[in-house]
Amino acid sequence: MQILVCVKQIPDPASPSSLDPDTSRLVRPPEQVLDDTDRYGIEVGLQLAEQTEGAVTLLSMGPTGTMQGIRQALAMGVGKAVLIDDPALEDSDALTTAKVLAAAARREGFDVLVTGVESTDGYSGVVPQMTAELLGVPALTFARRVEMDGPALRIERQTASGFDVVLSPLPAVLSVTAGAVEPRYPTFRGIMAARSKPVDTLTAADLSVSCDPGQTVVSVAPAPERQAGEVVEDSGTGHLRIVEFLEAARVV
Amino acid sequence: MAVWVFAEATERGPGEPALEVLSKAASHGEAVAVYLGQASGEALAVLGAHGASTVYNLTGGGDLPAAAATAALAELVERESPGAVLFAQTYTSRDVAGRLAARIDRPVISNAVDVAIDDGCTVTTEVFGGTQLVRTAFTGPGPHLVLVRPKSFSAEERGGTVSRVEEYPLPDAGHAGSPQVVDTTVEQAEGPQLGSAKVIISGGRGLGSAEAYSLIESVAEPLGAATGATRAIVDAGWVPYAKQVGQTGKTVKPEVYIACGVSGAMQHLVGMKDSKRIVAINKDPEAPIFSVADLGIVGDVHHVLPRLAETLRSRD
């Protein structure tokens, strides 16, 4: 079975982020990291490959930079990566991203295309569905558990009140939630091997995708700040202070 | 310019997030609801009361209706040329919005907290944990597609009625529409709900263990509060996802939000910072949660919560 896993390199969430004042784009340093939530998709991809004697390929769009994030993903045990890095795609919105991923998926061929639910930096949360629509396949979204069931995929799909068990034929797009699986840690061997794994780089033209986001940022302004209130050290009576507060708020 | 609102049926008719968006659309003028699921007279009355003058009722379809609903919606949009189609950011609506954008080749803007519709359409979103507001305008032809975060607007009854209903059977979506739901599990049916409770008490990593979540429940019970959680403890498997508050979970705006052992990561703050009042209990005086709290208790949740539960119970 051919499994594609979409991942994204993002600015380290532990460092302060900013928007470029001229373009309103997120400033992306060369040393981006793997979006932590992508580790779940990689793990699901690797498990499906192990169950079906399949192969996993990473798909990633964005500035390659130092490749730190891609190496993190390869170190988990993925065989190879296809990167789409093109300055012409700098203004991409979710739909342009989906067009790129769908075109790359068609080029590689796939039975399952795995994604996260949303990236940590942009969090539009619609790229998996768009990609599925472009590819004409089911979108098995918000999966919290995934397994093969004969030739079909069986997932638990999150709902507002719990979850549905969904059975789907392949090929399909699958978006997995953080917490769906326990991602494996890269081994020392994996980290060493990641350095020499095949990495293909494509441009927008290779995939015949052009970038026209159809939207423009008109303003960026600080949100009204919430004022911090009273902070007290608990010396055994903190709970009484909370009860007083709840009384004042008329909720007890 | 007519504004359309996509609304999915829930067990109780139109869902609250869709009604919030419909109320907003109606405040701009003519509002049309596209209702997915068999619309009862009661459901139509609710849609009308919240401002829908016309309802397109998408009926039939398979277990996961997003692909078929997209096909139907694309046909209707082509026929009627609405100026904008708004969606509440719920699971199925998110699937339909994404698919529709790809199908009709129009951008969609997600995570909207405000929408201004006149000749064009400008959408406000929050970035960096809600510290910055970004306004984005669509530059191409409509319909403009927007996904709105729940609780961005209030659902208001305007006293109207639906004057026209068109039933629109869902087409066969082929392979894309072939998944089947073979079982359904409800994890959080009883008790106060995050969406409507006056008081919410949430736990984070500072609880230390899955078992310690019972401390949250012991305070929630005498308060009649709903119980929530951070992504960290949902990912860790301590509590079900249905309890998650934050960017990837629910957005809540209760009268009082009590955050226990919650550090205040951006991901969490986005979902609860608009609560009317916030109480935080955390042993780390530097925790970012204190910067948004009206009352901060620097202390150990394992000491404060049992005493709080005891005091609240003794009042009843």
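The distance from the alpha carbon centre of segment A:142-220 to that of segment B:61-87 is 25 Å, rounded to a whole number. Close amide H pairs (under 5 Å, H built 1.01 Å from N) link residue A:175 with A:115, A:140, A:141, A:142, A:143, residues at least 5 positions away or on another chain. Treating each Cα of segment B:199-315 as an identical point scatterer and summing with the Debye formula, the log10 of I(q)/I(0) at q = 0.22 Å⁻¹ comes to -1.29.
Computed from backbone phi, the HN-Hα couplings of segment A:82-97 come to 10, 10, 10, 10, 7, x, 5, 9, 4, 8, 4, 9, 4, 5, 4, 4 Hz, rounded to whole numbers (Karplus: 6.51 cos²θ - 1.76 cosθ + 1.60, θ = phi - 60°; Gly and Pro given as x). For residue A:114, what is the net charge nearby, where nearby means another residue's Cβ is under 10 Å from its Cβ and Lys, Arg count +1, Asp, Glu -1? Local net charge: -2. Against chain B, whose longest principal axis is taken from its Cα atoms, helix B:301-315 shows a tilt of about 80°. Packing order of peptides B:291-300, B:143-152, highest average first: B:143-152, B:291-300 (average count of other Cβ atoms within 10 Å over each peptide's residues).
What fraction of the DSSP beta bridges in chain A is antiparallel, stated in percent and rounded to the nearest 5?
On the way: 15 of 40 bridges.
Of those bridges, close to 40 percent are antiparallel.
Each other residue within a Cβ distance under 10 Å of residue A:2 adds +1 if Lys or Arg and -1 if Asp or Glu, for a net charge of -2.
Under a Gaussian network description of chain A, with springs only between Cα atoms under 10 Å, the residue in A:222, A:29, A:11 that fluctuates furthest is A:222. Computed over neighbours whose Cβ is under 15 Å from that of residue B:255, the net charge equals +4, Lys and Arg +1, Asp and Glu -1.
Give me B:1, A:130 ranked fewest to most by other Cβ atoms within 10 Å of their Cβ, as a rough exposure proxy.
Sorted ascending by nearby Cβ count, the order is B:1, A:130.
Between segment A:1-40 and segment B:185-228, the C-alpha centres lie 33 angstrom from each other.
For B:95, A:20, the sequence from fewest to most other C-beta atoms within 10 Å is A:20, B:95.
Measuring against 19 Å, Cα to Cα, the residue pairs A:8/B:243; B:151/B:250; B:24/B:151; A:99/B:250; B:243/B:283; B:24/B:273 contain A:8/B:243; A:99/B:250; B:243/B:283; B:24/B:273 as the ones spanning a longer distance. Peptide B:225-233 shows a mean partner chain C-beta count of 1 within 10 Å per residue C-beta.
In this structure the amide hydrogen of residue A:79, modeled in the peptide plane, comes within under 5 Å of the amide hydrogens of A:56, none closer than 5 places in sequence on its chain.
Ordering B:202, B:219, B:293 by Cα displacement along the dipole of segment B:179-316 toward the positive end leaves B:293 in first place; charges were set at the Cβ atoms of Lys, Arg (+1) and Asp, Glu (-1).
Among B:169-179, B:208-218, B:4-14, the peptide with the highest mean count of other Cβ atoms within 10 Å heads the list, and the full ranking is B:4-14, B:169-179, B:208-218.
The numbers here are math on the coordinates, done by the rules we state, and not lab data. In this text, all values refer to a predicted model and were calculated from it rather than measured experimentally. Using ideal geometry, Cβ is built from the backbone for each residue, glycine included, and neighbour counts are taken over all protein chains shown.
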